[in-house]
């Protein structure tokens, strides 16, 4: 097992003693408990763990959707703890892309409009948008469904659209929360293959939360395993392990 | 987010729950309509009252009398009695007043109580001479028949109530003749026994009954007699020049006789000075007072009227706003429901990079758009309601044999103010939902099913 804090020379995300606790009545729940972890640039990290282990909470902290109770998170040179809510929104808009288990496409919008949404939020010029949308859809090979609505697509196709939406602002980090959770195994595998492909094409860092260890072992560079809010291990995948 | 994107997303969201949003917008429209209808009635009534009063010539006319005149106006004279003899209201004074700025004309009041014979029946009434300028003053707008054919014509215009006394069908009177019976003043020359041998008028006069045949040329609904004083409302109007030549005995004549009248110049018991507009009356009145005459105008009454209508409009506005207040709750309800429905969507927007302010603005714009459309629709409904009330009133008036009136009025300022008010109220209604949506925790929102 390698040192979880320092796996690579160039660090995309650096977590230092990160904790996130909630108070429910008189009980204090430590969803993330003193986690330190380094994720290198262009690395594909899979966060594994049982339900309630804190992996999704950790992903939300990296996404800037939540703030840690203690500890620091450095992402692409920015200390998230020091960012204002507007700066955090800009970070989510420009630095990261997110995909979810339930795709979270807006059903009343066409694929084109769904993918355009991050461009609107980033205030990208109108003239530039159609090209960017088409480029993102080409990466997920869905250009022919441009005018369709999400409900007209299969689960796998919807997740590909969600990936296109996450990529459209050309983020440095892609965060995936159980991206294969709602898909059959073959489709799930195709999605992970696609993620791996775009990661290598675009040189992105991917942090993926998943339950499916075999898939993670096949596509991720490294597995980080969480239990009870703690990081239990963070091991680089060797070829032997992957096989 | 850019304003265009914000507007685009807001319209998209509004279209999504079209029925609910249309109903909410109609709620706003009904609120605005009730406000507009109420205020349009207030404005309409004010315009109606102002028009009637301005047609009466009361607000642009100053009534001038010599100082120490009797209290004919029903208003005590404020000036303390002075030892100096009062300045005579003669031709010199008249010419001086005519030269004052913003004066249209200065004319004596010819107004006398007399008898009219029509179809050999006697009718008592007050006759007033109308200056030629009243032709264009708006006083005779909407009259039946015509104005006097010339300033010296032997013609009469009747006030409708008097016309009804003369005939059951007032309109049929036009073209018919009536006979005016009046008392003519004839100056008494000094007799040979008196020390005054010059043959000049002695200052007294005798009264000789005379008759004059007048042709009825028109019937007017309001009493447009310029000026005031005399015996009350004049019901028979004739050209001022014609009325002046009659030398009919007037109420002040007796007083003038008992007063020391050493001058042989024509003096007037009173003069009416007409200003170009009511706004110039106050300054003109001060100038005339400075000349040494008593002057009185109804400007104070006009101010009271404006105060009354301001309060009246305010009350109508408050009642009209009640419906808008209910509509405001409708907007709050709709937007709060929208937050619940779009909770996950708000989470997605935030995950994709929307700032709290973006979400807040989105809800604000949605509220504003409902206000804008509600405002436009409401102004139209309000105008329609005003028209309906005017129509209903006029049907009733027609049955009562009265002339139709314009009861409601929607001026431009009311249209713009109502729409702006609707938008502001809607934005205020959107404050709470927008801030609630903005504060939504994205992690919770994304987890929401």
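Derivation of every value follows stated rules applied to the coordinates shown; laboratory data play no part. All values derive from a computational prediction rather than experimental measurement. All Cβ positions, glycine included, derive from the backbone under ideal geometry; neighbour counts span all protein chains shown.
Averaged over residues, the count of other Cβ atoms within 10 Å places the peptides A:20-33, A:168-181 in the sequence A:168-181, A:20-33, highest first. Considering only DSSP beta bridges whose two residues both sit in chain A, what percent are antiparallel, to the nearest 5? The answer is about 55 percent antiparallel. Anisotropy class assigned to segment A:106-169 is prolate, per the alpha carbon gyration tensor with a/c at or over the 1.5 cut-off and a/b larger than b/c. Sequence-distant contacts, meaning Cα pairs under 8 Å at least 6 residues apart, place the relative contact order of segment B:96-155 at 20 percent.
Taking every residue in B:351-363 and counting other chain Cβ atoms within 10 Å of its Cβ, the average works out to 6. Sorting B:384-392, B:22-30 by average packing, meaning the other beta carbons within 10 Å per residue, from highest down gives B:22-30, B:384-392. Legend: mean number of C-beta atoms from other chains within 10 angstrom of residue C-beta atoms, peptide A:53-65, equals 2. Pairs of Cα atoms nearer than 8 Å and 6+ residues apart set the relative contact order; for segment A:106-169 it is 53 percent. Sorting B:370-376, B:14-20, A:200-206 by their mean Cβ neighbour count within 10 Å, with the most densely packed peptide first, gives B:370-376, A:200-206, B:14-20.
Between residue A:86 and residue A:144, the FRET efficiency estimated from the beta carbon spacing at R0 = 35 angstrom works out to 0.40.
For the peptide A:91-104, the mean number of other protein chain Cβ atoms found within 10 angstrom of a residue's Cβ is 3. When both bridge partners sit in the protein assembly as shown, DSSP labels roughly 70% of those beta bridges antiparallel.
In chain A, the DSSP-assigned H stretches of four residues or longer account for a calculated mean residue ellipticity at 222 nm of -10000 deg cm²/dmol, using -39500 (n - 2.57) per stretch and the full residue count as denominator.
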